[in-house]
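The values are calculated or read from the model by the stated rules, or taken from the named source; none is laboratory data. These numbers were taken from a predicted model, which means no experiment stands behind them. Here the Cβ positions follow ideal geometry from the backbone for every residue, glycine too, while neighbour counts run over all protein chains shown.
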Amino acid sequence: MPSHYASAASAAQSRRLTRSALKSAAIDMLCSAFTMAIMRTSLALLAFATLLPGCGQTPQPADLILSGGRVYTLDESKPWAEAVAIRDGRIAAVGTDEEVLGRFQGQVFELGGRMVLPGFHDAHVHPMYGGIQLVQCDLSSSDSVAALTAQVAACDGSLPEGDWLVGGGWELSLFPEANPSKALLDAVNAERPIFLRGSDGHSSWANSKALALAGIEAETPNPPHGIIERDANGIPSGTLRESAQGLVEAIVPPLTAEDRLEATRQAVALANQFGITSMIDAGTSTDEWAAWQSLEAAGELTVKVVLSIPVSSPLTWTPDESLIRAEDRGSGQRLRRDAAKLFVDGVLEGETAALLEPYLGEGGGTGMLILPADELAARVVALDAQGVQAHFHAIGDRAVRVALDAVEQAIEQNGRSDNRHHISHLQLIDPADYPRFAALGVTANFQALWAYPDGYITDINLPALGPERVEGMYPIGSLERAGARIAAGTSLNPLVAIETALTPQDPSGEVEGALNANEAVSLDTMLRAYTANGAWLMHQEEDTGAIKPGMAADLVVLEKDLFNIAAEEVGEVTVTMTLFEGQIVHQRPSH
């Protein structure tokens, strides 16, 4: 056959084969579509069946099922539920009782209408400080000078002769100008050195023996960034502010490693008791880091912790600063050290908080910046470039502005990052700086527990600042309205702090009146501050901070639904149960 005929025949054959193949393919497609339709119908029926308890499926095992509750998930796609199934430390399912109990079987905890929330995140706390206070002379419950001195006397009586009496937790507002006298402690025991840290962490109280051992006399100058309070004759009165505390602290017998471990153990147990499953330790030293490590190694670390490592000036790494590990961020480890703590100023009570306008009265100064503004900015730029989160202490309005300026310089030099810098305390903020939080991506980390007109405000702050500035304190509502992300921290009791932010009144009811009622915020705002926003701030929002399948079973069960009670009752609600990674780490005894 000539080649062109062969080619033509081949082409014809090829066309026939192509038509045949197309026909076959079309038939295959029809068959496939028919088959898929049947499969989709079957899957739809199967999916429908899984919604019916006991219909067409074997229940899956669960370690624990919380049922019959008011579950506020903080998950935008499903904000409310009734039940949660937990397996292998994670949330396996969230939904109605019918859905969850139909799909899972295991130990069931009947909630009886109790509220379930994601575990609380305390975004600024000093757990080691509080734990040490618990194992030393704890003065936190003394509400009068008489009660305070009686407790000191009781602690004195329990100690052998020659030992130091060390403790803390006394309230500055119990004394005129927050300045207790050494004479009160001398009357307890003039022969034993006594050193007591104030509840604010920025003031301490010493007797004459302790001052003498530290070499603090009339001629002793104030150390840099510190104040030795004095009487009318220039004699040290017994109160030490800021770095002046270190003059005595340097000679106080050091804590042992076991002391620190026990302090950490007690702090974590107390945190779990109040529903806390994550926290930011707002200032961790080398010794404290070792205690945290020991607790983790012992299998007793039942919170997720981000350690903020204090950094100092000038721009050289100190031994403590070498603890910082930017790579810890988002690692999923329970213990992470990916943040730096920067003290910008002091506190209003000692007139060491940095202000834009002077304090009233004889002194008339503007407080202190711990670091000059340019040095602070240089440090923040360097930390930001290394991927380290900056955690600022700033109480006065000038300190807040300087902190914001430092972040702004970091953005200008390094570009925007995901470091999630935040400023804690924020007692005074100039209104011009409200919108800068959102613009710079800086989280406002409030300690709302203090936002009511107690003795600190009325007896100490008001005379020093005047009514206009006091009426602008703790502007939580203003910052929220300006678009800032709100996080929250406290002294390990979120519910009391939440109530204070809602009212803002004394949660105990002993102090009348409200502090700046226009700064009150909603319950949802504060719950987010203590859960989802706290998780985001700690770079763990993919793992915790909401209640949805796949996330860690870090949960708190409350005896009442907070949305169905008065705001003034929130602080009285008790924590029924706390779960950390699916394990019950606190359970209130049943009565």
Query - helices (runs of 4 or more DSSP H) fully within segment 487-557 counting 3 or more residues that are closer than 18 Å to Val573 by Cβ and touching a residue at least 24 places away in the same chain (Cβ under 8 Å) - result: 494-502, 523-530
Query - Identity of the residue in segment 90-142, touching a strand residue (DSSP E or B) at 6+ places or on another chain (Cβ under 8 Å) and of a type in the set (Asp, Glu), that ends up nearest to Gln540 (Cα to Cα) - result: Asp122
Report summary line: Only one of (1) assigned to a helix (DSSP H, G or I); (2) closer than 30 Å to Gly332 by Cβ; (3) touching a strand residue (DSSP E or B) at 6+ places or on another chain (Cβ under 7 Å) does not apply to Ile423, and that is (1)
Query raised in the report: Among the numbered criteria (1) in contact (Cβ under 8 Å) with a residue 40 or more places away in the chain; (2) in contact with a helix residue (DSSP H, G or I) (Cβ under 9 Å, 6 or more places away or on another chain), which single criterion is violated by Ile395?
Result: (2)
Requested in this report: With respect to Leu428, determine if the residue is in contact (Cβ under 8 Å) with a residue 60 or more places away in the chain and assigned by TED's automatic domain parsing to the domain that holds His391.
Outcome: yes
Query - Odd one out for Met538, checked against (1) surrounded by fewer than 20 Cβ atoms within 10 Å (Cβ to Cβ); (2) out of contact with any helix residue (DSSP H, G or I) (no Cβ under 9 Å at 6 or more places or on another chain) - result: (1)
Requested in this report: Tell me, please, whether a residue that is buried (at least 16 other Cβ atoms within 10 Å of the Cβ), more than 26 Å from the chain's Cα centre (by Cα) and at pLDDT 95 or above can be found in segment 110-128.
Outcome: yes
Query raised in the report: Taking segment 193-224 as the search range and keeping residues that are surrounded by fewer than 18 Cβ atoms within 10 Å (Cβ to Cβ) and of a type in the set (D, E, K, R), which one is nearest to Phe175 (Cα to Cα)?
Result: Glu217
Query raised in the report: Mind checking whether some residue in segment 402-415 is assigned by TED's automatic domain parsing to the domain that holds Ile486 and touching a strand residue (DSSP E or B) at 6+ places or on another chain (Cβ under 6 Å)?
Result: yes
Query raised in the report: Is at least one residue of segment 270-288 surrounded by fewer than 16 Cβ atoms within 10 Å (Cβ to Cβ) and of a type in the set (Gly, Ala, Ser)?
Result: no
Query - Failed item in (1) farther than 17 Å from Gly68 by Cβ; (2) surrounded by fewer than 17 Cβ atoms within 10 Å (Cβ to Cβ); (3) at pLDDT 95 or above, with Asn564 passing the rest - result: (1)
Query - Number of the condition not met by Arg416 [criteria: (1) of a type in the set (D, E, K, R); (2) surrounded by 21 or more Cβ atoms within 10 Å (Cβ to Cβ); (3) more than 22 Å from Ala529 (Cβ to Cβ)] - result: (2)
Requested in this report: Inspect all residues belonging to segment 371-378 and state whether any of them is part of a loop (DSSP other than H, G, I, E, B), modelled with pLDDT of 95 or more and over 30 Å from Glu541 (Cα atoms).
Outcome: no
Query raised in the report: Looking at this structure, is Arg379 basic (Lys, Arg) and closer than 21 Å to Ile227 by Cβ?
Result: no
Requested in this report: Hand me the list of strands (runs of 3 or more DSSP E) wholly inside segment 97-194 holding 3 or more residues that are over 30 Å from Arg87 (Cβ atoms) and either out of contact with any Gly (no Cβ under 6 Å at 6 or more places or on another chain) or in contact (Cβ under 8 Å) with a residue 40 or more places away in the chain (or both).
Outcome: 165-170
Report task. Give segment 420-441 a look and list any residue that's within 15 Å of the chain's Cα centre (by Cα) and of a type in the set (Val, Ile, Thr), or say none. Result -> Ile423
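Residue by residue, here is whether (1) surrounded by 22 or more Cβ atoms within 10 Å (Cβ to Cβ); (2) of a type outside the set (Gly, Ala, Ser); (3) in a strand (DSSP E or B); (4) modelled with pLDDT of 95 or more holds:
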{"position": "Ala439", "(1), (2), (3), (4)": "no, no, no, yes"}
{"position": "Asn445", "(1), (2), (3), (4)": "yes, yes, yes, yes"}
{"position": "Tyr452", "(1), (2), (3), (4)": "yes, yes, no, no"}
{"position": "Thr458", "(1), (2), (3), (4)": "no, yes, no, no"}
{"position": "Pro463", "(1), (2), (3), (4)": "no, yes, no, no"}
{"position": "Glu468", "(1), (2), (3), (4)": "no, yes, no, yes"}
{"position": "Gly477", "(1), (2), (3), (4)": "no, no, no, yes"}
Query raised in the report: Taking segment 546-561 as the region of interest, how many residues are crowded, with 22+ Cβ neighbours inside 10 Å and of a type in the set (D, E, K, R)?
Result: 1
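Every residue in segment 515-566 that is among the acidic types (Asp, Glu) and out of contact with any strand residue (DSSP E or B) (no Cβ under 7 Å at 6 or more places or on another chain), please.
Glu519, Asp524, Glu541, Glu542
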